[in-house]
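Asker: This is the structure I have questions about; it appears just below.
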């Protein structure tokens, strides 16, 4: 499998780029987010890749970051979400923003993507919420202050930072256990996804 491509950027379109590497031009379908990250034509570009082989086509997808590629792989694992729709989703923001939206259950953000209806948006949330809980816990910058900073208060702050209402965050933290804010946050998100 082709894991990455590095070389001169030959062309840049609305949803694809062509990168020449060792005399071979690779056409990669990319999200709008990745398109913003690639340099101008004639400059060196480096993209992570995922190869999809089907009976009627072989398609190469390019990503500016590992987190974007990982989210793409999660999205195409959801029933009703193909590679083109997954790229459209990825064009709606950074991988960390989209992961936080999944963890927060923000189905409306995904419904705004062309090709995704209410059912598919809800399916994305249901199927991926638990899978992204740990990643979201790691993304949140938890401030380390004095000893008076209780882990539960910091986890509450993290949930509010993800977009949950303070009352929702209180409910989510009821009945979960953990020694650190990260553990509490991950457990609360897992319980909410169940």
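The values are calculated or read from the model by the stated rules, or taken from the named source; none is laboratory data. Just so it is clear, the model here is predicted, and its values are computed rather than measured. Cβ sites come from the backbone with ideal geometry, for glycine too, and all protein chains shown count toward neighbours.
Asker: Quick check on the range 18-47: of everything there that is part of a loop (DSSP other than H, G, I, E, B) and in contact (Cβ under 8 Å) with a residue 40 or more places away in the chain, which residue is nearest to residue 58 (Cα to Cα)? First the steps, then the outcome.
Answerer: So in the range 18-47, the residues part of a loop (DSSP other than H, G, I, E, B) come out as 22-23, 30-31, 38-43.
Still in the running and in contact (Cβ under 8 Å) with a residue 40 or more places away in the chain: 30-31.
On the way: 30: 15, 31: 18 Å.
Out of the qualifying residues, it is 30.
Asker: Determine if the range 34-52 includes at least one residue that is within 30 Å of residue 156 (Cβ to Cβ) and in contact with a helix residue (DSSP H, G or I) (Cβ under 9 Å, 6 or more places away or on another chain).
Answerer: The answer is no; no qualifying residue exists.
Asker: Also: Go through (1) touching a helix residue (DSSP H, G or I) at 6+ places or on another chain (Cβ under 9 Å); (2) at pLDDT below 80 for residue 146 and report which single condition fails.
Answerer: (1)
Asker: So, one more: Scanning the range 104-113 for residues that are in contact with a helix residue (DSSP H, G or I) (Cβ under 6 Å, 6 or more places away or on another chain) and touching a residue at least 24 places away in the same chain (Cβ under 8 Å), which turns out nearest to residue 159 (Cα to Cα)?
Answerer: Within the range 104-113, the first condition is being in contact with a helix residue (DSSP H, G or I) (Cβ under 6 Å, 6 or more places away or on another chain), and the residues that meet it are 105, 107, 109-111, 113.
Of the ones still in play, those that are also touching a residue at least 24 places away in the same chain (Cβ under 8 Å) are 105, 113.
Values: 105: 12, 113: 25 Å.
Taking the candidates together, the pick is 105.
Asker: Suppose we keep only residues that are surrounded by fewer than 17 Cβ atoms within 10 Å (Cβ to Cβ) and touching a strand residue (DSSP E or B) at 6+ places or on another chain (Cβ under 8 Å) within the range 54-75. Which one would you say is nearest to residue 28 (Cα to Cα)?
Answerer: 59
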